[in-house]
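> Below: one structure in structure tokens.
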Amino acid sequence: MRKYNFCAGPAALPEPVLRQAQQELLDWRGLGCSVMEVSHRSPEFVEVAERAEQDLRDLLTVPDNYKVLFLQGGATGQFSAVPWNLLGADSKRADFIHSGQWAAKAIKEARRYGEVNVVASSEDRNFSYVPARGSWQQSEGAAYLHYTPNETIGGIEFDYVPEVDCPLVADMSSNILSSPIDVEKFGVIYAGAQKNIGPSGIAIALVREDLLDRAMGNIPRSLSWKVAADAGSMDNTPPTFAWYLSGLVFQWLKAQGGVEAMAEQAMKKSTLLYEFLDASDFYSSPVEKSSRSRMNAPFVLADDRLDKQFLSEAEKAGLLSLKGHRSVGGMRASLYNAVPYEAVEALVAFMADFEARRG
Ligand code: PLP
């Protein structure tokens with residue numbers, strides 16, 4: 001029996017997608033083998049790859065002057081790829097908004113290749129809020145500004161897109177496809193797949209075409225967006241199964257009503273949980289109200305000696321992966337697209353019952 005899965009990543013996938021994959025696993029398209037066992041250059045796989053790209057373009061309304069790249073190395077690979085690809089032209093300087101642990105990792109990696117200016121930070125209050133719009137200034141001649149619209153560990157989410165006059169780069173690993181975005185406001189958007197896209201092993205980057213010729217001369221081939229773009233993301237063997245499964249998720253998303261429907265669901269699900277947390281003295285959210293993520297909701301019990309009990313009873317009740325990130329403790333419920341509203345209802349009912357018995 002499938003249970004409700006609140007894992008932050010690799011995260012729950014839509015059940016119909018898994019069923020379809022299961023059904024066609026041994027004999028894909030009557031070829032007598034699985035999708036994992038055919039050449040990535042076969043017409044059958046190329047069709048899957050092209051359809052996945054087109055569906056993603058449709059879902060996010062990606063303009064024609066953006067390349068859609070299917071990459072390896074996860075979002076962490078893009079922490080390196082971003083400076084390698086963007087700090088090779090006029091400027092070796094990049095601006096960053098520091099909003100938590102994932103931003104910190106991107107900053108640390110970029111510092112190996114250029115001058116990094118942290119132009120805004122929420123470190124003063126333990127990254128529990130989003131730096132306010134307009135509360136910071138970009139530095140002169142920056143090659144790009146990087147930010148993390150959703151911090152998966154801290155559970156904060158930007159409710160605005162920074163306005164800058166250099167290319168804006170966003171790590172959307174944990175909130176891509178959860179609401180409509182205006183792609184034109186960004187130079188580069190990237191995301192690891194394993195939350196709202198598909199299985200781990202693949203990452204996606206949307207790169208505005210004019211940014212493809214700013215790479216450092218000695219860029220490793222496997223990190224080059226230009227090489228990937230010129231080769232249709234097949235300069236070497238791509239992760240074909242992850243690409244195929246991501247494509248099925250895109251089709252499922254379209255059938256659900258696209259990112260508009262996902263945004264509505266995300267708001268409903270997160271509101272249900274946050275309203276419950278706010279009404280309780282037994283549980284609380286460490287994140288300031290206006291900055292709370294719709295995707296990742298960390299919360300704590302007033303008495304952390306009950307944490308273990310809470311987690312073990314939750315698991316017995318069919319609610320998986322509620323343990324907070326190892327660096328912060330407490331609990332975290334991730335509410336990505338494939339987590340149904342009923343899962344959050346079940347979670348809240350369990351939490352209320354636990355409180356009644358232990359509070
Ligand atoms: N950025 C964010 C916001 C994330 O949540 C994660 C992983 O959870 C990463 C980057 C790193 O992704 P990957 O494990 O694909 O390198």
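> Could you list, in sequence order, the residues of segment 344-359 that are surrounded by fewer than 17 Cβ atoms within 10 Å (Cβ to Cβ), of a type in the set (Asp, Glu) and over 19 Å from MET267 (Cβ atoms)?
Matches in segment 344-359: ASP353 only.
> Within segment 87-103, restricting attention to residues that are farther than 12 Å from GLY114 by Cβ and buried (at least 19 other Cβ atoms within 10 Å of the Cβ), which residue is nearest to the ligand (Cβ to nearest atom)?
Ranking the candidates gives TRP102 first.
> Within segment 156-173, take every residue that is closer than 19 Å to MET295 by Cβ and aliphatic (A, V, I, L, M) and give me the one that is surrounded by the most Cβ atoms within 10 Å (Cβ to Cβ).
Among them, the one singled out is ILE156.
> If you take the residues in segment 289-303 that are in a strand (DSSP E or B) and more than 21 Å from the chain's Cα centre (by Cα), which one is surrounded by the fewest Cβ atoms within 10 Å (Cβ to Cβ)?
VAL300
For every residue, the table says whether it meets (1) outside any loop (DSSP other than H, G, I, E, B); (2) surrounded by 13 or more Cβ atoms within 10 Å (Cβ to Cβ).
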{"position": "ARG2", "(1), (2)": "no, no"}
{"position": "ALA12", "(1), (2)": "no, yes"}
{"position": "VAL17", "(1), (2)": "yes, yes"}
{"position": "ALA21", "(1), (2)": "yes, yes"}
{"position": "VAL48", "(1), (2)": "yes, yes"}
{"position": "ALA52", "(1), (2)": "yes, yes"}
{"position": "ASP55", "(1), (2)": "yes, yes"}
{"position": "VAL62", "(1), (2)": "no, yes"}
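> Consider TYR244 carefully, then state whether it is more than 12 Å from the ligand (Cβ to nearest atom) and hydroxyl-bearing (Ser, Thr, Tyr).
So TYR244 fits the description; yes.
> Next up: Can you find, within segment 132-150, the residue that is surrounded by the fewest Cβ atoms within 10 Å (Cβ to Cβ) among those that are within 16 Å of the ligand (Cβ to nearest atom) and either of a type in the set (Val, Ile, Thr) or over 12 Å from the mean Cα position of the chain (by Cα) (or both)?
If we take residues in segment 132-150 being within 16 Å of the ligand (Cβ to nearest atom) and either of a type in the set (Val, Ile, Thr) or over 12 Å from the mean Cα position of the chain (by Cα) (or both), then TYR147 is surrounded by the fewest Cβ atoms within 10 Å (Cβ to Cβ).
> On to the next question. Confirm whether TYR113 is of a type in the set (Phe, Trp, Tyr), away from the ligand (no atom under 16 Å from the Cβ), in contact with a Leu (Cβ under 6 Å, 6 or more places away or on another chain) and in a loop (DSSP other than H, G, I, E, B).
Here the answer is yes, as TYR113 does meet what is asked.
> Working carefully through the options ILE153, ILE176, find the one that is within 12 Å of the ligand (Cβ to nearest atom), under 14 Å from the mean Cα position of the chain (by Cα) and either surrounded by fewer than 24 Cβ atoms within 10 Å (Cβ to Cβ) or at pLDDT below 95 (or both).
None of the others qualify; the one that does is ILE153.
> Still on this structure: Out of segment 68-86, which residues are more than 17 Å from LEU168 (Cβ to Cβ), more than 10 Å from the ligand (Cβ to nearest atom) and part of a helix (DSSP H, G or I)?
Listed by number, the residues that qualify are SER80, TRP84.
> When you scan segment 204-223, do you find a residue that is under 15 Å from the mean Cα position of the chain (by Cα) and small (Gly, Ala, Ser), even just one?
Checked against the condition, which is being under 15 Å from the mean Cα position of the chain (by Cα) and small (Gly, Ala, Ser), segment 204-223 yields at least one hit.
> What strands (runs of 3 or more DSSP E) lie completely within segment 133-247 and have 1 or more residues being in contact (Cβ under 8 Å) with a residue 12 or more places away in the chain and in contact with a Cys (Cβ under 7 Å, 6 or more places away or on another chain)?
144-147
The values are calculated or read from the model by the stated rules, or taken from the named source; none is laboratory data. Note that this is a predicted model, so its numbers are computed, not measured. Quick reminder, even Gly has a Cβ in these numbers, built from the backbone with ideal geometry, and neighbours come from all protein chains shown.
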